[in-house]
1. In the set Ser70, Ser17, Ser83, Ser7, which member is under 16 Å from Gln114 (Cβ atoms) and modelled with pLDDT of 95 or more?
2. Going by the conditions given, is Val29 closer than 30 Å to Leu104 by Cα and modelled with pLDDT of 95 or more?
3. Within the group Ser122, Ser53, which residue is out of contact with any strand residue (DSSP E or B) (no Cβ under 9 Å at 6 or more places or on another chain), modelled with pLDDT under 95 and surrounded by fewer than 21 Cβ atoms within 10 Å (Cβ to Cβ)?
Amino acid sequence: QVQLVESGGGLVQPGGSLRLSCAASGSIVRIYGMGWYRQAPGKQRELVAAITSGESTNYADSVKGRFTISKDNAKNTVYLHMSSLKPEDTAVYYCNARIAPSWLTSQAYNYWGQGTQVTVSS
């Protein structure tokens, strides 16, 4: 089984910073992409940032210039550095990865972490 484990969430004041980490482990042949989604109460889940195996990135308009996604291929880990945080950034943040887990199939699957709470409040 492939597992994604997130860390780094917590309570931060407006204007502060946090760095989220997500490490993938288990049977991994190839990671096609990794990303971060978030879901606030009463809101739909939305893509925050994503990064491909080729290092291409994309961000939600609401976080451009404030958040940076990066990854460490050797550690199968993706990071989300969040700065200038706003109360509206408060949400559960979920790590996502599209991974081919076996040489026996060409199929790739989406895997999800359990989520980590980010609360931006005074």
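The values are calculated or read from the model by the stated rules, or taken from the named source; none is laboratory data. Keep in mind the model is a prediction, meaning the values are calculated, not measured. Every residue, glycine among them, receives a Cβ derived from its backbone with ideal geometry; neighbour counts consider all protein chains shown. The protein model used for the area step is the full one, side chains on, heavy atoms only, and it has no ligands, DNA or RNA in it. Shrake-Rupley method; radii C 1.70, N 1.55, O 1.52, S 1.80 Å.
1. Working: Ser70 fails: under 16 Å from Gln114 (Cβ atoms); Ser17 fails: under 16 Å from Gln114 (Cβ atoms); Ser83 fails: under 16 Å from Gln114 (Cβ atoms).
Answer to the check: Ser7.
2. Values: closer than 30 Å to Leu104 by Cα: yes; modelled with pLDDT of 95 or more: no.
No; evaluated as a whole, the condition is false for this residue.
3. Working: Ser53 fails: out of contact with any strand residue (DSSP E or B) (no Cβ under 9 Å at 6 or more places or on another chain).
Checking each option against the conditions leaves just Ser122.
The rows are residues; the columns are (1) touching a residue at least 24 places away in the same chain (Cβ under 8 Å); (2) within 12 Å of Ile31 (Cα to Cα); (3) not in a strand (DSSP E or B).
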| residue | (1), (2), (3) |
| --- | --- |
| Lys43 | yes, no, yes |
| Ala49 | yes, no, no |
| Ser62 | yes, no, yes |
| Gly65 | no, no, yes |
| Ile69 | yes, no, no |
| Tyr79 | yes, no, no |
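To keep it simple, each residue is scored yes or no on (1) of a type in the set (Phe, Trp, Tyr); (2) open to solvent by 40 Å² or more (accessible area, probe 1.4 Å).
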{"site": "Gly9", "(1), (2)": "no, no"}
{"site": "Gly15", "(1), (2)": "no, yes"}
{"site": "Cys22", "(1), (2)": "no, no"}
{"site": "Phe67", "(1), (2)": "yes, no"}
{"site": "Lys86", "(1), (2)": "no, yes"}
{"site": "Tyr94", "(1), (2)": "yes, yes"}
{"site": "Trp103", "(1), (2)": "yes, yes"}
{"site": "Asn110", "(1), (2)": "no, yes"}
{"site": "Gly115", "(1), (2)": "no, no"}
